[in-house]
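Encoded as structure tokens, the structure appears first; notes follow it.
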Amino acid sequence: METGQLVQQLTQHDGASDGSVLRSNVGRISITREASHSFFSTLKNDFGFDHCSLISAVDNQTGFELVYHFSIVDAAGQMLEVHIDLPRDTPTVDSITHLWGGADWHEREAYDLMGIYFIGHPDLKRVLLPDGFAGHPLRKDYVYEIHEEEW
Amino acid sequence: MSRQQVRGNPRMRKGLGSRTSDPATMMEDPPSGDWLTLRSDQFLNWVDDAVYNIAEKTGIRDVVNRVTRPIFNWGLRYSPWPLHLGIMCCALEMGAAGGPDHDSERMGVVYRSSPRQCDILIVNGPVCEKLRPKLKTLYEQMADPKWVIAMGECAIGGGPYWDSYSVVAGADTFMPVDVYIPGCPVRPEALMHGFLTLQKKIREKEPGYFLRR
């Protein structure tokens, strides 16, 4: 399927908007967080995106933005960028680990460093920082205190 | 040699019994019947009573020290075995120092993989909060006498990550460091010079005692 045709079909989905073609095999689309669950199921089951490459979290000061990268593992190597805007006071979104198992640690990393809560994640705990760390350090409003400990 | 001059963590020694010949605190006789079974602290107390205190009181220890000190010190000096531990990019320079160009093995620097067999802990990279307790455990697992080399800016003072949320500002904030090697990364020649500096320090500072406590 052509990328333009693919994006056009996906834009028909409930809650989808801003469909565009970035490069010859890379598409981009925005989705509301309420519609994300059914949208991702469609993406996996009907369009055959079988690989979740990356989940990035961006702090835009007014809110958070999640950027998912999905790809189809074949010769064409089509990729799709999915953007989800989240409000700052409730940064929650549905987990996609039941669709793509590889998203597990990506979601844990986004939770660890940026404080995005993924509803339905089987084991949402810190992955990079030690347990008991206070706060989410990649947020713009994170205040760092120099920690000193005697030996 | 007073107790303060003994290297290592004094807290590690607290559990080792009284170590004195005072009869009030001396070890009780084990109950008859199973007198062959000694706990480790009982054994150490027995060694103190039967060997150390006698050698100390009779002056034998000083005499033997005078003979063995040069030999033991020579042995310590020319076999400083570091732990084969790589944290970040300075570990590659450590590998280069062990390679055929520089060949640190000609100075007796043989990398070992177990902390029980090592004398030197080379901290060759930034120590993050998650690594710090593990590194301290490695240090405490090494047998005395032991030394620590802080290799590179990150191990000395945190380097470019000194005010990071997860990196400890220097290895000497949680363990005693003997030799600091600046550089980012440290060149293999500098690491060799660090080993030679440590040799000099062992020659001057380390007694190499017979019957050390």
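Which of A:Lys125/B:Lys130; B:Lys136/B:Lys201; B:Lys134/B:Lys205 have a Cα-Cα distance over 18 Å?
Values: A:Lys125/B:Lys130 15 Å; B:Lys136/B:Lys201 23 Å; B:Lys134/B:Lys205 28 Å.
Long pairs (Cα-Cα over 18 Å): B:Lys136/B:Lys201; B:Lys134/B:Lys205.
Work out the mean other chain Cβ neighbour count within 10 Å for the residues of B:164-174 and drop it here as an integer.
Values: counts 2, 13, 7, 0, 3, 3, 0, 0, 1, 5, 3.
The shielding value for this peptide is 3.
Just check segment A:5-115 against the gyration tensor rule for me: Cα atoms, a ≥ b ≥ c as the square roots of the eigenvalues, rounded for a/c under 1.5, and otherwise prolate or oblate depending on whether a/b exceeds b/c.
Prolate is the answer for segment A:5-115, as a/c is 1.5 or above and a/b outweighs b/c.
So with the 1.4 Å probe, I'd like the accessible area per residue for chain A, rounded to whole Å².
I get 54 Å² per residue for chain A.
Rounded to the nearest 100 Å², what is the sum over both chains of accessible area buried where A meets B, with a probe of 1.4 Å?
1100 Å²
Rolling a 1.4 Å sphere over the protein heavy atoms, what is the accessible area per residue of segment B:104-213, to the nearest Å²? Let's see the in-between values first.
Working: 4860 Å² over 110 residues.
Using a 1.4 Å probe on heavy atoms only, each residue of segment B:104-213 averages 44 Å².
What is chain A's relative contact order, in percent, from Cα pairs under 8 angstrom and six or more apart in sequence?
Values: 262 pairs, mean separation 25.3, N = 151.
It rounds to 17 percent for chain A.
Counting only DSSP beta bridges with both residues in the protein assembly as shown, what percent are antiparallel, rounded to the nearest 5?
Antiparallel bridges make up about 55 percent of those DSSP assigns within the protein assembly as shown.
Carbon and sulfur: what percent of segment B:90-205's accessible surface (1.4 Å probe)? Walk me through the numbers before you get to the answer.
On the way: 2810 of 5180 Å².
With neighbouring chains kept in place, the figure for segment B:90-205 is 54 percent.
Tell me whether the protein assembly as shown comes out rounded, prolate or oblate; compute the Cα gyration tensor, take square roots of the eigenvalues as a ≥ b ≥ c, and use a/c under 1.5 as the rounded threshold.
Working: a/c = 3.34, a/b = 2.39, b/c = 1.40.
Here the protein assembly as shown falls in the prolate category.
Would you compute, from DSSP H runs of 4+ residues alone, the mean residue ellipticity of the protein assembly as shown at 222 nm, taking -39500 (n - 2.57) per run and dividing by the full residue count, rounded to the nearest 500?
It comes out at -8500 deg cm²/dmol, rounded to the nearest 500.
Using a Cα-Cα cut-off of under 19 Å, which lysines could be cross-linked to B:Lys200, ignoring same-chain neighbours fewer than 8 residues away?
Partners found: B:Lys146.
The values are calculated or read from the model by the stated rules, or taken from the named source; none is laboratory data. What you see is a predicted model, and the numbers here were worked out from it, not measured in a lab. A quick note on method: Cβ atoms are made from the backbone with ideal geometry, for glycine too, and the neighbour counts reach across all protein chains shown. With ligands, DNA and RNA removed, areas are computed over all heavy atoms of the protein, side chains included. Shrake-Rupley method; radii C 1.70, N 1.55, O 1.52, S 1.80 Å.
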